[in-house]
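To keep things clear, I will list the structure first and then write my remarks on it.
The values are calculated or read from the model by the stated rules, or taken from the named source; none is laboratory data. Please read these numbers as outputs of a predicted model, since none were measured by experiment. Please note: Cβ atoms are built from the backbone with ideal geometry, for glycine as well, and neighbour counts cover all protein chains shown. The area values use the complete protein model at the heavy-atom level, side chains included, leaving out ligands, DNA and RNA. Shrake-Rupley method; radii C 1.70, N 1.55, O 1.52, S 1.80 Å.
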Amino acid sequence: RSKIQNFSLEGESLQDQLREVLESALFEAFIGFLILANTIVMAVEMQYLGYEVGYKTKFEGFEESSETAWPNAARVFLVLERCFTVIFTMELAAKLGLLRSRFFKRALNWIDIMVVTVGLLDWLASSSRELNPTMIRLLRLAKLARGIRVVKMTKVLESLHLILKCIAASVSTLFWSLCLLLGIQCIGGMILGQLVRSYMLDADVDIIKRHAVYRYYGTFSRSMITMFEVTFANWAPACRILVDNVDEAYGLLFLIYRCLVGFAVLNVISAVFIQQTLKVAQQDNEVMIIMKQRAQRDYYRKLKALFQQLDVSGDGNVSYDEFKGMMDKPNVKAWLSALEIDSHDLDGLFEVLADGDGQISLEEFTRGAVRIKGPAKSMDLVHLLAITRRIEHKIEARNSPAPEEPVMTI
């Protein structure tokens with residue numbers, strides 16, 4: 001029975017270790033690399049298929065088929081696709097077996113299920129000749145969802161994590177911004193459509209000119225597309241078609257619209273998005289931790305570079321002579337000042353960093369520099385006051401007169 005219990009405990013510990021591996025940042029980075037490689041393969045395959053379309057439609061520059069230009073490429077793409085499908089299926093099976101119900105609690109894991117399912121269906125569909133070719137194309141198109149799995153790499157890519165957090169926090173701002181822009185462009189499109197309606201119905205005007213105006217403002221849908229183009233893209237053609245054919249006064253109308261909407265409104269919306277992003281970065285706990293960790297890593301990297309500058313001998317320790325000699329250089333003092341380290345008292349600074357052994361190692365330097373960085377903190381002052389009180393109590397207890405012993409009378 002004891003052997004069975006030990007075996008079960010060893011099995012549970014092994015499962016725990018495997019769970020830690022599956023949920024580690026290193027494993028996410030490895031899967032992300034595979035996703036990136038799979039995306040590149042799919043992009044190259046799309047180039048290959050496009051080359052074949054260009055050859056079959058006799059497009060200029062495509063005089064030979066894709067099979068002739070890239071021999072055996074189709075077989076290579078098929079083998080690579082099968083390999084990626086097997087790897088992602090094994091990953092999904094391992095997570096389902098080890099994480100179990102925890103796997104389904106994270107919404108992004110459902111993307112894995114969809115991608116693996118689509119990959120296996122595509123494998124079966126390509127092996128069968130009875131399925132509709134359109135269905136096969138849709139399955140292959142659905143496999144592009146593998147690229148969405150890159151959002152799961154937020155444990156590894158800190159900037160991507162920040163971007164996704166800010167996008168999620170800006171959904172409400174985005175919705176109302178789109179409503180505002182849609183309303184402005186809807187009104188502008190209807191106004192222009194009504195203004196040029198009489199021109200398009202005037203039989204005395206050349207039909208070619210009327211068709212040219214109708215192409216931009218003939219219907220509500222055409223007017224809306226034109227207003228989106230005026231707001232976000234090239235507004236000159238939509239303006240020129242009215243200035244050249246209808247009236248030059250429309251040019252002034254477009255200039256006013258561009259200044260008010262294209263410049264003022266869009267810049268205000270952009271400023272709101274920037275403010276929302278900064279607000280998320282300051283208030284979100286995960287983002288704050290990421291930013292603090294990044295700042296800490298940058299600070300330690302700068303400290304290491306400064307230590308290498310101070311270590312003239314290169315033995316991994318900084319002596320007092322090396323420390324004092326380098327402190328006479330203005331660039332080193334400026335470096336310490338940039339790192340918020342006061343360098344006026346060289347002897348005291350060296351004693352704090354060296355911990356009293358006369359040598360400063362890299363670990364001592366980084367630990368001491370972090371401790372003396374910047375002005376004294378409230379916690380440091382409170383700790384110092386507590387030590388001072390304890391010392392005062394000990395001194396008072398030592399200097400106070402001893403109580404007199406009572407005299408025994410007989």
Practice task
List the helices (runs of 4 or more DSSP H) that sit entirely inside segment 236-299 and contain at least 1 residues that are within 30 Å of THR366 (Cα to Cα) and open to solvent by 90 Å² or more (accessible area, probe 1.4 Å).
Solution key: 266-283
Exercise for the section: Starting from segment 309-331, take each residue that is of a type outside the set (Ser, Thr, Tyr) and list its partners that are assigned to a loop (DSSP other than H, G, I, E, B) and open to solvent by less than 80 Å² (accessible area, probe 1.4 Å), counting only C-beta distances under 8 angstrom and pairs at least six apart or across chains. Expected result: ASN317/ASP311; ASN317/GLN359; VAL318/ASP311; VAL318/GLN359; GLU322/ASP311; GLU322/SER313; MET327/SER343
Completion exercise
Exactly one of GLU63, GLU52 is in contact with a Ser or Thr (Cβ under 7 Å, 6 or more places away or on another chain) and on the phi < 0 side of the Ramachandran plot, and that one is GLU52
Practice task
Can you tell me which residue within segment 84-108, out of those that are free of Cβ contacts under 8 Å to residues at least 40 places away in the same chain and open to solvent by less than 70 Å² (accessible area, probe 1.4 Å), is nearest to SER126 (Cα to Cα)?
Solution key: THR85
Exercise for the section: Report yes if LYS304 is farther than 30 Å from LYS324 by Cβ and either open to solvent by 60 Å² or more (accessible area, probe 1.4 Å) or not hydrophobic (A, V, I, L, M, F, W, C) (or both), otherwise no. Expected result: no
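Give the residues of segment 220-229 that are without any contact (Cβ under 8 Å) to a residue 40 or more places away in the chain and open to solvent by less than 80 Å² (accessible area, probe 1.4 Å), sorted by residue number. Show your work before the answer.
Taking segment 220-229 first, the residues without any contact (Cβ under 8 Å) to a residue 40 or more places away in the chain are 220-226, 229.
If the condition is that a residue be without any contact (Cβ under 8 Å) to a residue 40 or more places away in the chain and open to solvent by less than 80 Å² (accessible area, probe 1.4 Å), then SER221, SER223, MET224, THR226, GLU229 are the ones that fit.
Out of curiosity, is TYR217 in contact (Cβ under 8 Å) with a residue 60 or more places away in the chain, touching a Gly at 6+ places or on another chain (Cβ under 8 Å) and either surrounded by fewer than 15 Cβ atoms within 10 Å (Cβ to Cβ) or under 25 Å from SER177 (Cα atoms) (or both)?
Spelling it out, it is not the case that TYR217 is in contact (Cβ under 8 Å) with a residue 60 or more places away in the chain, touching a Gly at 6+ places or on another chain (Cβ under 8 Å) and either surrounded by fewer than 15 Cβ atoms within 10 Å (Cβ to Cβ) or under 25 Å from SER177 (Cα atoms) (or both).
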Handout entry: Residues of segment 37-63 that turn out to be touching a helix residue (DSSP H, G or I) at 6+ places or on another chain (Cβ under 7 Å), at pLDDT below 85 and open to solvent by 80 Å² or more (accessible area, probe 1.4 Å), as a count
Key = 0
Practice task
Can you tell me which residue among LEU195, LEU164 is open to solvent by less than 90 Å² (accessible area, probe 1.4 Å), closer than 30 Å to ARG240 by Cα, among the aliphatic types (A, V, I, L, M) and modelled with pLDDT of 65 or more?
Solution key: LEU195
Exercise for the section: For segment 50-58, state whether one or more residues are in contact (Cβ under 8 Å) with a residue 24 or more places away in the chain, part of a helix (DSSP H, G or I) and within 35 Å of the chain's Cα centre (by Cα). Expected result: no
Handout entry: Filter result for ASP321 (open to solvent by 80 Å² or more (accessible area, probe 1.4 Å), at pLDDT 85 or above and part of a helix (DSSP H, G or I))
Key = no
Completion exercise
Scanning segment 208-235 for residues that are under 14 Å from GLY193 (Cβ atoms) and not in a helix (DSSP H, G or I) gives GLY218, THR219
Completion exercise
Within segment 64-103, the residues that are within 32 Å of the chain's Cα centre (by Cα), of a type in the set (Ser, Thr, Tyr) and more than 14 Å from VAL115 (Cα to Cα) are SER101
